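Only one structure is covered here, and it is reproduced in the block below.
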Amino acid sequence: MGPGAPSEVWRYRAELLKGPKNTVSENPDSYLGPTIRLRRGQTVKIHIHNELPEDTTVHWHGLHVPSDVDGQPRLPIRPGETMTVGFEVLDRAGLFWYHSHAHGKQGGRVGFQSYAGLAGLLIVEDEEEADLKLPSGDNELLLVLQDRTFAGNNELVYMGRGMGSMMDRMHGFLGDRVLANGAPPTTRKVATRPYRIRVLNGSNARIYKLAWSDGRPVTVIGADGGLLQEPEDRPYAVLAPAQRLDIWVDLSEFQPGDTLELISDRFRAGMMSGGMMDGMGMMGSNALPLGSRFPLARLEVSKSLKASEPLPAQLGVQRQKIPVNSNTRIRSFELSPVMMRGFAMNGRRFDGTNVADDEKVRLGDTEIWEFHNSTPMPHPMHIHGLQFNVVGRRGGNSDSLQQGLVDSGWHDTVLVMPRETVQVAMKFERFDGLYIYHCHNMEHEDAGMMRYFQVQS
């Protein structure tokens, strides 16, 4: 990422065998995997060949797919082997992604393999979204945020040594440089018109507080599961690991030469018990502690246009929220610390495909899952195989981030702040089988904060 030899990375490469030409777009100047564009209702077949020296998987994060093609650790792709997966694209238009979900004999490998480069964007398109005529092509900016640490001759550094390694596993790994699309943040030449900025937090553990450098509101039009019912103006927007946000910004009033920066603004990361450790970093020892302010992208106006496309007040025909009532089953999960071992959910840690009786659900049922965070740090909770609605928050002490938590619409990952309880509603439909729920702080899931649940027909 600096002068000298290129960094050694692991990466996905792809070749389109059959289908629309824009299905696969390589990112030649980045370690990120190719951007994949699919259409709702399309049937997809993917051959995955593993040329790595260890087992891996490819998880289609956020997609509603059968459990056997979900890219779970129970179905590893061995070195030198090829796995073929196929599925119908059932999800509405939205920004998704794919990444490793490997778990080896010595523990989880999600953090290492994703950090080494195994991640890429996946975009689902449909007619409903196309009819809105939102900014597209050169007027759509895709932004993958990741933090990395480099040493020596541009060598990627993952985890510390001794006490440093223990703290990285406890809090989650934070790099000392933030990359946008696999490179240092750069300046994008733009015109006086609206833009759509689609952002993925592909970091292992870092939380971003998205804001504009001139203090203007952040206009959010979409989240993990596609467009919101209507645009929402926020003073800033919080993006936890694995979450995605769709942002609309209008530069019509700018003049050539004007600039605007998308930044991650300062926030109080939260204090560990006793006030000795700050959030996910230890006493600010990292060169870029959690809650720091830094640039993510710089827009420079270089062209003046007369026309400006207004943002629709309503963002299309929306998927109806999951109906819940006083009879809807509530299933509770306590997120708790485990001395010297990390964290657990209801006192349990990863145990292969073993499923407890209270981790079995019925196909067709609607449930509310309630995550109560008894730990002193935030946990982005991800549930495989479906999208859910956030239906309630209570407790917690998230004053420094509260106004930026986007709970509207559809999600597959929800940030649960320290001492907070969050409820999400979901319906288990179409597919039975084994799925995973876990914290998407990658070091937490690798250390055991992950469990299988079973959907029974």
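The values are calculated or read from the model by the stated rules, or taken from the named source; none is laboratory data. Being a predicted model, the structure only gives us computed values, none of them experimental. Please note: Cβ atoms are built from the backbone with ideal geometry, for glycine as well, and neighbour counts cover all protein chains shown.
Remarks
- Looking across segment 8-18, the residues that are free of Cβ contacts under 8 Å to residues at least 24 places away in the same chain and either charged (D, E, K, R) or surrounded by 15 or more Cβ atoms within 10 Å (Cβ to Cβ) (or both) come down to Arg13, Ala14, Glu15, Lys18.
- Ser100 vs. criteria modelled with pLDDT of 95 or more and buried (at least 17 other Cβ atoms within 10 Å of the Cβ): yes
- Any chance Phe453 is in a loop (DSSP other than H, G, I, E, B), in contact with a helix residue (DSSP H, G or I) (Cβ under 8 Å, 6 or more places away or on another chain) and either in contact (Cβ under 8 Å) with a residue 60 or more places away in the chain or within 30 Å of Met166 (Cα to Cα) (or both): no
- Hits in segment 326-343 - residues which are within 19 Å of Leu415 (Cβ to Cβ) and either surrounded by fewer than 13 Cβ atoms within 10 Å (Cβ to Cβ) or among the aliphatic types (A, V, I, L, M) (or both): Leu335
- Cβ-Cβ distances below 8 Å connect the following pairs, each with a first residue in segment 367-384 that is surrounded by 24 or more Cβ atoms within 10 Å (Cβ to Cβ), a second residue that is among the basic types (Lys, Arg), and a separation of six or more residues or different chains: Asn373/Arg419.
- Inclusion of Leu290 among residues that are under 24 Å from the mean Cα position of the chain (by Cα) and more than 23 Å from Asp446 (Cα to Cα) is not warranted.
- Whichever residue in segment 38-56 is touching a Ser or Thr at 6+ places or on another chain (Cβ under 6 Å) and crowded, with 17+ Cβ neighbours inside 10 Å and, among such residues, is farthest from His384 (Cα to Cα): Asn50
- Pairs with Cβ under 7 Å, 6+ apart, first in segment 408-425 and in the same structural domain as Glu367 (by TED's automatic domain parsing), second of a type in the set (Asp, Glu) and surrounded by fewer than 24 Cβ atoms within 10 Å (Cβ to Cβ): Ser408/Glu232; Thr421/Glu370; Gln423/Glu370
- Residues of segment 31-54 classified as under 18 Å from Glu15 (Cβ atoms) and of a type in the set (Gly, Ala, Ser), total: 1
A quick yes/no check of all residues on (1) assigned by TED's automatic domain parsing to the domain that holds Gly342; (2) without any contact (Cβ under 8 Å) to a residue 60 or more places away in the chain; (3) under 20 Å from Thr219 (Cα atoms):
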| position | (1), (2), (3) |
| --- | --- |
| Ala102 | no, yes, no |
| Lys105 | no, yes, no |
| Arg109 | no, no, no |
| Ser114 | no, no, no |
| Ala119 | no, no, no |
| Leu132 | no, no, yes |
| Leu145 | no, no, yes |
| Thr149 | no, yes, no |
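- Among the residues of segment 414-428, at least one is closer than 28 Å to Pro76 by Cβ and over 20 Å from the mean Cα position of the chain (by Cα).
- Only residues that are closer than 18 Å to Ala116 by Cβ, part of a loop (DSSP other than H, G, I, E, B) and touching a strand residue (DSSP E or B) at 6+ places or on another chain (Cβ under 8 Å) were counted in segment 30-62, giving 9.
- One residue stands out among those in segment 113-142 that are out of contact with any Gly (no Cβ under 7 Å at 6 or more places or on another chain) and among the small types (Gly, Ala, Ser): the one that is nearest to Gly225 (Cα to Cα), which is Ala130.
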